[in-house]
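The block underneath contains the structure these notes are about, expressed in structure tokens.
The values are calculated or read from the model by the stated rules, or taken from the named source; none is laboratory data. As the structure is a prediction and not an experimental result, all values here were calculated from the model. Glycine gets a Cβ as well: all are built from the backbone with ideal geometry, and neighbour counts include every protein chain shown. Please note that ligands, DNA and RNA were not included when accessible areas were found on the heavy atoms of the full protein model with its side chains. Shrake-Rupley method; radii C 1.70, N 1.55, O 1.52, S 1.80 Å.
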Amino acid sequence: MQSFSPQITAPTGNYWQWQGHQIYYVRAGQPQPDRPSLLLVHGFGASTDHWRKNIEELQEQFQVWAIDLLGFGRSAKPAQEYSGQLWEQQLLDFIDQVIGEKTVVAGNSLGGYAALCTAAKGGDKIAGVVLLNSAGPFGDQISERSINLAQKMIQSLMLQPLPSYLLFQYLRRKPTIRKTLQKVYVDQTAVTDRLVEEIYRPSCDAGAAQVFASVFKSPQGEMVDKLLAKLQAPLLVIWGEGDPWMRVKERSIKFRQHYPQLTEHFLPAGHCPHDEDPSTVNRLMRDWLATIG
């Protein structure tokens, strides 16, 4: 894997007013008449910073946008219900109001689920979708949705304000962030002080603990198979096959079952292949984007 310089900086960002809230985004590169814009969507607990290695290269050939979902990064963190439907509307409005042209939406983990929700509803606004270790349940995975008694007790406990707050305070500690990253990254050299700081910093914002708690209260979103049934755009799926949080091979089979025309690649990386092996991910995205026009 290629090592990227720690000096890489993300482009200076801007704020967009959405539903009364400040939404942070970055824009890099120039509009390309023969290529769609590319919108990058981070995962849970991350932000636009997590895409800086990708933006640095991709901006040479594409107009690249990255956005902080409501509740994350430098965006506002209001006390409300957070869901895939909320972020879907945020991304669709951003494409309409800010980007203003057909867009390829790419997302990692939770951001992948949000990107898929957006693409399934976006129709001809969406030029393509890129999913990197994307989250979200399949409707026929009954065993994954069944919850045993111990899990129910933990979930019930986490709905209470104090236990949720205490867990958040533990998880947001820099040593805990580092240990978590080391578990989900295959290449340990990619877990840098800068990465830890980029995840830690938004957790200090007012409202961050409430956003964390809201995740446990949010209703289950639309099933991935239902979203794929609505999708009309080309789909690229990239897996970090060393991801300990996902049964990658099983999820791959499900994606192929419900969207057989997808393009798929497996990398020797963990949950965040775009950050762990950016050169390979950037190349795969560029090559695939060239095929969809």
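Any idea which residue in region 165-186 is farthest from the chain's Cα centre (by Cα), counting only those that are open to solvent by less than 60 Å² (accessible area, probe 1.4 Å) and among the polar types (S, T, N, Q)?
Among them, the one singled out is Gln169.
Which pairs turn up if I take residues in region 163-184 that are closer than 25 Å to Gly242 by Cβ and look for partners that are open to solvent by 70 Å² or more (accessible area, probe 1.4 Å) and part of a helix (DSSP H, G or I) with beta carbon separation below 7 Å, at least 6 apart in sequence or on another chain?
Thr176/Tyr170; Gln182/Gln188
Go through region 265-293 and give me each residue that's under 22 Å from Leu195 (Cβ atoms) and of a type in the set (A, V, I, L, M).
Passing the criteria: Leu267, Ala269, Val281, Leu284, Met285.
Looking only at region 107-121, count every residue that is aliphatic (A, V, I, L, M) and touching a strand residue (DSSP E or B) at 6+ places or on another chain (Cβ under 6 Å) and tell me the total.
Qualifying residue count for the region: 3.
Please find, within region 216-229, the residue that is modelled with the lowest pLDDT out of those that are of a type in the set (A, V, I, L, M, F, W, C) and touching a helix residue (DSSP H, G or I) at 6+ places or on another chain (Cβ under 9 Å).
Ranking the qualifying residues of region 216-229, first place goes to Phe216.
Between Gly84, Gly100, which is farther than 14 Å from Ala46 by Cβ and under 12 Å from the mean Cα position of the chain (by Cα)?
Answer to the selection: Gly84.
Could you list all residues from region 81-99 that are surrounded by fewer than 16 Cβ atoms within 10 Å (Cβ to Cβ) and modelled with pLDDT under 95?
Answer for region 81-99, where residues must be surrounded by fewer than 16 Cβ atoms within 10 Å (Cβ to Cβ) and modelled with pLDDT under 95: just Glu81.
Which members of region 1-40 meet the condition of being of a type in the set (A, V, I, L, M, F, W, C) and at pLDDT 95 or above?
Matches in region 1-40: Trp16, Trp18, Ile23, Val26, Ala28, Leu38, Leu39, Leu40.
Within the set of pairs 6+ apart or on separate chains, which have a first residue in region 102-117 that is on the phi > 0 side of the Ramachandran plot, a second that is surrounded by 24 or more Cβ atoms within 10 Å (Cβ to Cβ), and C-beta atoms under 7 Å apart?
Filtered contacts from region 102-117: Ser109/Gly43; Ser109/Asn133; Ser109/Ser134; Ser109/His271.
Which ranges mark the helices (runs of 4 or more DSSP H) fully within region 187-293 that have 1 or more residues being out of contact with any Leu (no Cβ under 7 Å at 6 or more places or on another chain) and either among the aromatic types (Phe, Trp, Tyr) or surrounded by fewer than 17 Cβ atoms within 10 Å (Cβ to Cβ) (or both)?
Helices (runs of 4 or more DSSP H) meeting the threshold: 193-200, 208-217, 224-230, 248-258, 278-292.
Taking interchain pairs and intrachain pairs at least six residues apart, which have beta carbon atoms under 6 angstrom, with the first residue in region 219-237 and closer than 23 Å to His265 by Cα and the second modelled with pLDDT under 95 and open to solvent by 10 Å² or more (accessible area, probe 1.4 Å)?
Once the first residue is closer than 23 Å to His265 by Cα and sits in region 219-237, its partners that are modelled with pLDDT under 95 and open to solvent by 10 Å² or more (accessible area, probe 1.4 Å) give Met223/Pro137; Met223/Gly139; Val224/Gly136; Asp225/Gly139; Pro234/Ile292.
Condition first: open to solvent by less than 20 Å² (accessible area, probe 1.4 Å), modelled with pLDDT of 90 or more and over 23 Å from Ala135 (Cα atoms). Can you find one or more residues in region 41-60 that meet it?
At the first step, the residues of region 41-60 found to be open to solvent by less than 20 Å² (accessible area, probe 1.4 Å) are 41-43, 46-52, 54-55, 58.
Filter once more, so that each one left must be modelled with pLDDT of 90 or more: 41-43, 46-52, 54-55, 58.
Next, from what is left, pick out any that are over 23 Å from Ala135 (Cα atoms): 58.
Yes: region 41-60 contains one or more residues that are open to solvent by less than 20 Å² (accessible area, probe 1.4 Å), modelled with pLDDT of 90 or more and over 23 Å from Ala135 (Cα atoms).
Which condition breaks for Leu70 when tested against (1) over 21 Å from Asp275 (Cα atoms); (2) open to solvent by less than 20 Å² (accessible area, probe 1.4 Å); (3) more than 14 Å from the chain's Cα centre (by Cα)?
Of the numbered conditions (1) over 21 Å from Asp275 (Cα atoms); (2) open to solvent by less than 20 Å² (accessible area, probe 1.4 Å); (3) more than 14 Å from the chain's Cα centre (by Cα), the odd one out for Leu70 is (3).
Given the structure, is Ser109 among the polar types (S, T, N, Q), within 21 Å of Glu276 (Cβ to Cβ) and surrounded by 24 or more Cβ atoms within 10 Å (Cβ to Cβ)?
Judged against the criteria, Ser109 is a match.
Please go through region 121-136 and give me each residue that is over 16 Å from the mean Cα position of the chain (by Cα) and surrounded by fewer than 24 Cβ atoms within 10 Å (Cβ to Cβ), ordered by number. Talk me through it step by step, then tell me what you get.
So the first thing to find is which residues in region 121-136 are over 16 Å from the mean Cα position of the chain (by Cα), and the list is 121-127.
Residues satisfying the conditions are Lys121, Gly123, Asp124, Lys125, Ala127.
Taking the condition at pLDDT 95 or above and more than 27 Å from Pro278 (Cβ to Cβ), does Lys77 pass?
Spelling it out, Lys77 is indeed at pLDDT 95 or above and more than 27 Å from Pro278 (Cβ to Cβ).
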